[in-house]
1. Add +1 for every Lys or Arg and -1 for every Asp or Glu among the other residues with Cβ under 12 Å from the Cβ of residue 276, and state the total.
2. Run the reach check for residue 84 against lysines, Cα to Cα strictly under 27 Å, same-chain hits fewer than 8 apart removed. What comes back?
3. Rank these for me by crowding, 183, 103, 62, going from fewest to most other beta carbons within 10 Å.
4. Can you find, among 67, 88, 129, the residue sitting farthest towards the positive end of the charge dipole of the stretch 48-133, where Lys and Arg contribute +1 and Asp and Glu -1 at Cβ?
5. Would you mind ranking 121, 65 so that the residue whose beta carbon has the fewest other beta carbons within 10 Å leads the list?
6. Based on other C-beta atoms within 10 Å, arrange 331, 195, 157, 216 from fewest to most.
7. Could you give the dipole magnitude of the stretch 266-305 about its Cα centre, charging the beta-carbon of Lys and Arg +1 and that of Asp and Glu -1, in debye to the nearest 20?
8. Within 12 Å, Cβ to Cβ, of residue 362, how many net charges do the neighbouring residues add up to if Lys/Arg are +1 and Asp/Glu are -1?
Amino acid sequence: MALCAATFTTLRGAEPGTEAAVTNSKVAAAAQDMSAAAVQSVADTAHPAKKRQPLAIKFDVRADWDYYHYDNQNIKDVSAFSGKFLNFILDGNISEQISYHFRHRLNKFIQNSNIFEATDWAYIDYDINKNWRISAGKQVIAIGGYEYDRAPIDVYYYSNFCNLLPACYEFGVSGQYTTNDSRNTLLLQLSNSPYTSPYERFDGLYAYNLMWYGRYGIFNSMYSVNLMEYRESAWSSPNNKKHYAAVVALGNQFNFGSLCLEIDYTHRYVKDQKFFDNFSLVGKAAYTINNCLTLFAKGGYERFAWNDPSSLFYYLGAYDIMPQDIRDAFYGAGLEYYPIKNSRDLRLHAYCFSNITDTKNFYTGIGLRWRLNAFTIE
């Protein structure tokens, strides 16, 4: 994953077992049910890597103590210890050119008789040569931006766009080309659309994704252009017509020694909208001390129109009673501590965040994450 030297993340809190999103408290409960599992890095597979181990089995675990404060006499503050993630990871080689990758969430509930719902990815890579690679299987949908790219177990809070995207992993095929100097990688992907209904998998909806990864010293980039098919909500279109959502995602990362800055701009466009009706601007800064303590801050500003398919209001059919122009800003900070020298296998973390809609409401968490390398064959 193309992480900063200081590893910090956000919470994609939409599925059972993850934290809450930075959305308005009035729709937070619905967001918990609607939004998708967060993403693991596409950047990890953006260019041919060193020869992988024949077999590696790992477990990745995170647990937190969570506390919600509500500035409302009618709502009590709540808190609890909870398990966030229990991931099973399998990587290995079939041959020197063919490798396989699998990650499954053991704590995720399977619905809709979809046996792959709790599987983030299950795909194979074929390295044709040092420049070309093709992949097939369940993959990360290739959308740009460092917030979207980061692994969910490393996430504390997300922008509404990332949190409410219905799906981050879908079956598809992809091909990529890396230049000889390894500075640029182009990836072209065809997958199921993230707006494919979980109840009807053969809905004929696809996503067409083009990614560019740039690696230029202190500057790294993760840009994408995406065209995603979706059907209008039955509330607005009895004919359930197919339409396209266009996404341009520009992820920028700047590394200055111990300081890492990330700026993501995501622009979305669907029919009957003006150019700046739907966008997200997210900034992050992380500073690492002695390679063991990371201090971070993150904030963002977003705007949604009622007919954006990435909007919770769209999926609930609630845009008839909600404002058509939704604007929100969020902010937060925290720290991460790695007690084992030269190791990221154990992490302690603490964080707090809020938004401008409910400035006196806030969410905080304290927890730990640990990795277990269960089995490795050299």
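The numbers here are math on the coordinates, done by the rules we state, and not lab data. Predicted model, so just to flag it, every value in this text is computed and none were measured. Don't worry about glycine lacking a Cβ; one is built from the backbone with ideal geometry, like all the others, and counts go over all protein chains shown.
1. Local net charge: +1.
2. Within reach: 26, 58, 76, 108, 138, 284, 298, 341, 360.
3. Ranked by crowding around the Cβ, least crowded first: 183, 103, 62.
4. The Cα lying farthest towards the positive end belongs to 129.
5. Working: 121 22, 65 14.
So the residues, fewest neighbours to most, are 65, 121.
6. Ranking 331, 195, 157, 216 by Cβ neighbours within 10 Å, fewest first, gives 216, 331, 195, 157.
7. Values: 6 positive and 3 negative charges, 7 e Å.
My answer is approximately 40 debye.
8. Values: positive: 360; negative: 66, 71, 77, 358.
With Lys, Arg at +1 and Asp, Glu at -1, the net is -3.
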